[in-house]
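What follows draws every value from the coordinates through simple rules; no lab data is involved. Quick caveat: nothing in here was measured; it's all calculated off a predicted structure. Heads up, the Cβs are rebuilt from the backbone with ideal geometry, glycines too, and the neighbour counts pull from every protein chain shown.
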Amino acid sequence: MLRSHKECLKLGLSIVLAAGFALAEQGRINAQPIAKAAAEQEPAPPADQTFTGTKACAACHFDQFMKWKSTPHAKSFELLPEKYQADAKCLPCHTVGFGQPTGFKDIKTSLDLKGTGCEACHGPGSKHEEVAKKYANQKLTPDQEKEVRDSIWKIQPGNACVACHQMQGHHDSSTPPELRTKK
Ligand code: HEC
Ligand code: HEC
Ligand code: HEC
Ligand code: HEC
């Protein structure tokens, strides 16, 4: 039987949180802010944004970029053996936005969308960049800061992590068994 919509949402959220915490236990990721971000109600950012790539984000978010660069997410494309680097079975989780119109296509044309980049978790950010650029080089008023923040997800809604980390959602991993180093 289908549960009520509200119950489903709650279940979805608890899966995200459980995954966040399970991953946090493996180290490197602090689940506390993830729980906080997922629990907060956020207005939806403007629709129809295109992917800008990680470098464009780094231009304004250097600290976050440097932190991200030291995580396994930054190198998740390089994990793929060469014969899989154009394989549609692998790319949805090892690149940004593969299969979407402005997402990763191939390594020549979309170098800056390889790996689990910023927009894999925050969603595409072209309009966020436009909004932020209106206020570049000035101190933001609280209203302006809200406008900028509301133009991108703090974390995409739904099972943002579990979309790729399926094992945490008790499905088997999509990664071929012979390539797994840990179980
Ligand atoms: C022109 C500068 C600029 C660019 C480019 C930019 N941002 Fe931002 N972003 C900001 C500013 C300013 C804020 C407001 C908070 C702050 O001052 O740090 C912000 C806030 C955010 C937030 C917080 C959202 C929230 O709900 O609180 C996220 C997440 C974010 N940016 C991600 C990104 C990502 C991902 C990209 C690349 C697609 C990107 N930004 C590109 C300037 C920029
Ligand atoms: C549904 C998302 C998803 C798909 C599809 C996917 N992967 Fe992965 N892959 C992951 C995640 C998440 C990890 C990190 C594993 C972990 O620590 O949970 C990973 C890890 C890996 C690793 C490192 C494994 C290790 O144990 O060190 C390799 C290699 C890899 N994937 C190759 C592939 C290949 C090749 C394909 C396509 C045949 C593929 N993956 C498809 C999500 C995916
Ligand atoms: C694996 C998912 C993931 C990736 C990849 C990722 N982020 Fe985030 N980011 C989050 C989560 C979850 C939060 C909210 C929790 C927090 O504030 O730490 C967040 C928060 C932020 C914030 C808001 C900080 C504030 O002041 O409120 C900014 C800005 C941001 N990320 C930028 C980036 C940029 C730039 C990149 C790429 C270089 C990036 N993120 C990559 C998950 C991710
Ligand atoms: C677009 C797919 C994707 C999304 C979304 C994603 N990840 Fe990942 N994640 C990966 C891949 C692929 C790897 C493998 C990188 C490696 O092992 O080098 C990985 C690795 C990790 C690792 C390191 C695991 C290890 O065993 O070394 C942690 C921790 C992690 N992710 C947490 C998260 C969290 C928390 C979120 C949500 C906020 C998230 N991820 C969202 C694809 C994703």
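Quick look at the values:
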| read-out | value |
| --- | --- |
| Of LYS69/LYS133; LYS108/LYS139; LYS114/LYS139; LYS83/LYS127, those spanning more than 30 Å from alpha-carbon to alpha-carbon | LYS108/LYS139; LYS114/LYS139; LYS83/LYS127 |
| Derived scalar couplings ³J(HN,Hα) [the range 68-73; Karplus, 6.51 cos²θ - 1.76 cosθ + 1.60; whole Hz; x for Gly, Pro] | 4, 4, 8, 9, x, 4 |
| Highest-first arrangement of 137-146, 48-57, 67-76, 80-89, where packing means the average Cβ count within 10 Å | 48-57, 67-76, 80-89, 137-146 |
| Prolate/oblate/rounded call for the range 44-153, Cα gyration tensor, a/c under 1.5 rounded | prolate |
| Magnitude of the charge dipole, the range 42-183, Cβ model with Lys/Arg +1 and Asp/Glu -1, debye to 20 | 380 |
